[in-house]
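Visitor: I am attaching a structure below and will ask some questions about it afterwards.
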Amino acid sequence: MSYNYQFHDIAQDEYETSVQWYSEKSEKAALGFVNAVDIALIKICNYPLRYRNTYKHFYEIGLNKYPFVIIYSIEKKENRIIIWRVFHHKRNPKEKYSVITK
């Protein structure tokens, strides 16, 4: 069973900011980033339990060739994946779940 996904506002902002940053550096890099996120979203929606359960009910998957992880949770009854963060590896790891769990 394939799930639908929805970006939380924080994740949407992180994603758009990252696309903008890559666009300023290289169109090819920006397109590659968007593609890497799209591939990860397809994997998450098709096999949500396959990836690491890193904290409480949150899971994460790394992006190929880009230093980011996508943090998500599963709402089984609604058949939905919530994308909470598009988190860059260089950010403070203590911030990873801080905005989600407040």
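Visitor: What number goes with the only condition from (1) in contact with a Phe, Trp or Tyr (Cβ under 7 Å, 6 or more places away or on another chain); (2) loosely packed, with under 12 Cβ neighbours inside 10 Å that Asn92 does not pass?
Guide: Result: Asn92 passes all but (1).
Visitor: Now for a different question. Scan the range 34-46 and give yes if some residue there is closer than 24 Å to Lys94 by Cα and either modelled with pLDDT under 95 or not aliphatic (A, V, I, L, M) (or both), otherwise no.
Guide: No, the range 34-46 has no match at all.
Visitor: Going through the range 53-102 one residue at a time, which ones are within 20 Å of Gln6 (Cβ to Cβ), free of Cβ contacts under 8 Å to residues at least 12 places away in the same chain and among the basic types (Lys, Arg)?
Guide: Within the range 53-102, Lys76, Lys77, Lys102 qualify.
Visitor: From Glu14, Glu27, Glu95, Glu75, grab the single residue that is within 11 Å of the chain's Cα centre (by Cα) and of a type in the set (D, E, K, R).
Guide: Just a single option satisfies the conditions, and that option is Glu14.
Visitor: Looking only at the range 28-43, how many residues end up being surrounded by 13 or more Cβ atoms within 10 Å (Cβ to Cβ) and closer than 18 Å to Gln6 by Cα?
Guide: Counting residues in the range 28-43 that are surrounded by 13 or more Cβ atoms within 10 Å (Cβ to Cβ) and closer than 18 Å to Gln6 by Cα gives 8.
Visitor: Does the range 36-48 contain at least one residue that is within 20 Å of Val19 (Cβ to Cβ), without any contact (Cβ under 8 Å) to a residue 12 or more places away in the chain and among the β-branched types (Val, Ile, Thr)?
Guide: Yes, the range 36-48 contains a residue that is within 20 Å of Val19 (Cβ to Cβ), without any contact (Cβ under 8 Å) to a residue 12 or more places away in the chain and among the β-branched types (Val, Ile, Thr).
Visitor: Next question. Inspect all residues belonging to the range 1-21 and state whether any of them is under 27 Å from Lys94 (Cβ atoms), among the aromatic types (Phe, Trp, Tyr) and in a loop (DSSP other than H, G, I, E, B).
Guide: no
Visitor: Is it the case that Arg80 is surrounded by 18 or more Cβ atoms within 10 Å (Cβ to Cβ) and basic (Lys, Arg)?
Guide: So Arg80 does not fit the description; no.
Visitor: Would you mention how many residues in the range 48-64 are at pLDDT 95 or above and farther than 17 Å from Tyr97 by Cα?
Guide: 1
The values are calculated or read from the model by the stated rules, or taken from the named source; none is laboratory data. What you see is a predicted model, and the numbers here were worked out from it, not measured in a lab. No Cβ is skipped: glycine too gets one built from the backbone with ideal geometry, and neighbour counts run over all protein chains shown.
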